[in-house]
Amino acid sequence: MSILSEPHFHDEEAAFERLEAIVWPNGPVCPKCGNCDETRFSRIRGATARAGLRTCLECKKQFTVKVGTVFESSHVPLHKWFQAAHLMASSKKGISAHQLHRTLQVTYKTAWFMAHRIREAMRSGDFSPLGGNGKTVEADETYIGRLRDVPVNKGTAHKNIVLTLVERGGIARSFHIDGTTVSRVIPIVRANIAKESALMTDEAQHYKRVGREFTSHGRVEHSANEYGRTEINGDGVSVNINTNTVEGFYSIFKRGMKGVYQHCAEHHLHRYLAEFDFRYSNRIALGVGDVERSSKTLAGIVGKRLKYRDSSPVAG
């Protein structure tokens, strides 16, 4: 039987029950007065009642689990939101809005906005430092797409710049930055990597000074066709000096952006980065399968809103 045969992918009542279990693990909470006494809610049922509708007996407000989430005010059936979230969470390189439009049988405009709302749910609010004692964090930049109103040239001045930090065997955290100067890169490195970590970078000069602030700083000379080497540290332990982990992240990211999404407006790039960070940080190697990843996506919908007027259908 297919995973998509599960009831919450097809039945609206089952979808609400599943979402309530994810968003309200300890029972329903009124979004207006904060009441969480299960005996002080009534479930509105009937042929004409909306699925999942409840009344809080304290403040008399009617609500569903979608209130206060990225699904609020959406007219798309909740079971289709479950399908979209699962498809995006389980597709390693992403799934285009056109594909969602055809699969879910909604308009392209709706599919495009659904995808951005799900990316917003994937966005992590955790900015605790990566790495730590005995751990290694790799840092690197890449160039993607193009900047608006900037002429295309042979260099990279017309492209968007992405800085990514990846903890080996752990999570990824990416940033859309407007330059690779010390003033742009180093504050992000300092704020997001624990000082007890080993730092791995390429030969870029802006990492040279900040590297002294960490336990160690390994550098590979890509300009000299060096992509990795092994060294013995002061404790007699063999250390792999390379940036292959972050390069692997970029490989997946670029295949998705160029092969699936094809175009991304500059002001939407941070959401695509959140999507690729999320899937990488919740991958099979870390014990997170497709079903768990989809549930984590839905757990991230709370307290976030994204209105259509704040976006424009530019990306694919």
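The values are calculated or read from the model by the stated rules, or taken from the named source; none is laboratory data. Keep in mind the model is a prediction, meaning the values are calculated, not measured. With ideal geometry, Cβ positions are generated from the backbone for all residues, glycine too; neighbour counts draw on all protein chains shown. Accessible surface areas use protein heavy atoms only, side chains included; no ligands, DNA or RNA. Shrake-Rupley method; radii C 1.70, N 1.55, O 1.52, S 1.80 Å.
The one condition from (1) open to solvent by 20 Å² or more (accessible area, probe 1.4 Å); (2) of a type in the set (Phe, Trp, Tyr); (3) over 27 Å from SER90 (Cβ atoms) that PHE63 does not meet is (1). Residues in the stretch 209-239 that are part of a helix (DSSP H, G or I), touching a helix residue (DSSP H, G or I) at 6+ places or on another chain (Cβ under 9 Å) and at pLDDT below 90: there are none. Under the condition of being among the aliphatic types (A, V, I, L, M) and surrounded by 22 or more Cβ atoms within 10 Å (Cβ to Cβ), the residues counted in the stretch 131-144 number 2. The residues in the stretch 258-279 that are out of contact with any Lys or Arg (no Cβ under 7 Å at 6 or more places or on another chain) and surrounded by fewer than 23 Cβ atoms within 10 Å (Cβ to Cβ) can be counted, and the count is 10.
Which one is nearest to ILE301 (Cα to Cα), of the residues in the stretch 120-138 that are within 18 Å of the chain's Cα centre (by Cα) and outside any loop (DSSP other than H, G, I, E, B)? It would help to see each step written out before you state the result.
Taking the stretch 120-138 as the starting set, the residues that turn out to be within 18 Å of the chain's Cα centre (by Cα) are 120-130.
Filter again for outside any loop (DSSP other than H, G, I, E, B), leaving 120-122, 130.
Working: GLU120: 8, ALA121: 5, MET122: 8, LEU130: 24 Å.
Within the stretch 120-138, the match that is nearest to ILE301 (Cα to Cα) is ALA121.
Report, by residue number, each residue of the stretch 17-44 that is in contact with a strand residue (DSSP E or B) (Cβ under 8 Å, 6 or more places away or on another chain) and more than 18 Å from PHE71 (Cβ to Cβ). Residues satisfying the conditions are CYS33, ASN35, ARG40, PHE41, SER42, ARG43, ILE44. Where residues in the stretch 282-309 are more than 24 Å from GLY169 (Cα to Cα) and in a loop (DSSP other than H, G, I, E, B), which of them is modelled with the lowest pLDDT? Selected residue: LYS307.
When HIS176, HIS206 are screened for being assigned to a helix (DSSP H, G or I), touching a helix residue (DSSP H, G or I) at 6+ places or on another chain (Cβ under 7 Å) and either under 19 Å from LYS254 (Cα atoms) or not aliphatic (A, V, I, L, M) (or both), only HIS206 passes. Residues in the stretch 18-41 that are in contact (Cβ under 8 Å) with a residue 12 or more places away in the chain, open to solvent by 60 Å² or more (accessible area, probe 1.4 Å), under 16 Å from PHE63 (Cα atoms) and assigned to a helix (DSSP H, G or I): 1 in all. Being surrounded by fewer than 16 Cβ atoms within 10 Å (Cβ to Cβ), over 30 Å from ARG255 (Cβ atoms), touching a residue at least 24 places away in the same chain (Cβ under 8 Å) and of a type outside the set (A, V, I, L, M, F, W, C): is that true of LYS109 here? Answer is no for this residue. With the requirement that a residue be closer than 22 Å to LEU269 by Cβ and either outside any loop (DSSP other than H, G, I, E, B) or of a type in the set (Asp, Glu) (or both), what does the stretch 179-192 give you? Within the stretch 179-192, SER183, ARG184, VAL185, ILE186, PRO187, ILE188, VAL189, ALA191, ASN192 qualify. For the stretch 178-194, the set of residues classified as surrounded by 13 or more Cβ atoms within 10 Å (Cβ to Cβ), free of Cβ contacts under 8 Å to residues at least 40 places away in the same chain and either under 16 Å from THR136 (Cα atoms) or β-branched (Val, Ile, Thr) (or both) consists of THR180, VAL182, ILE186, ILE188, ARG190, listed by residue number.
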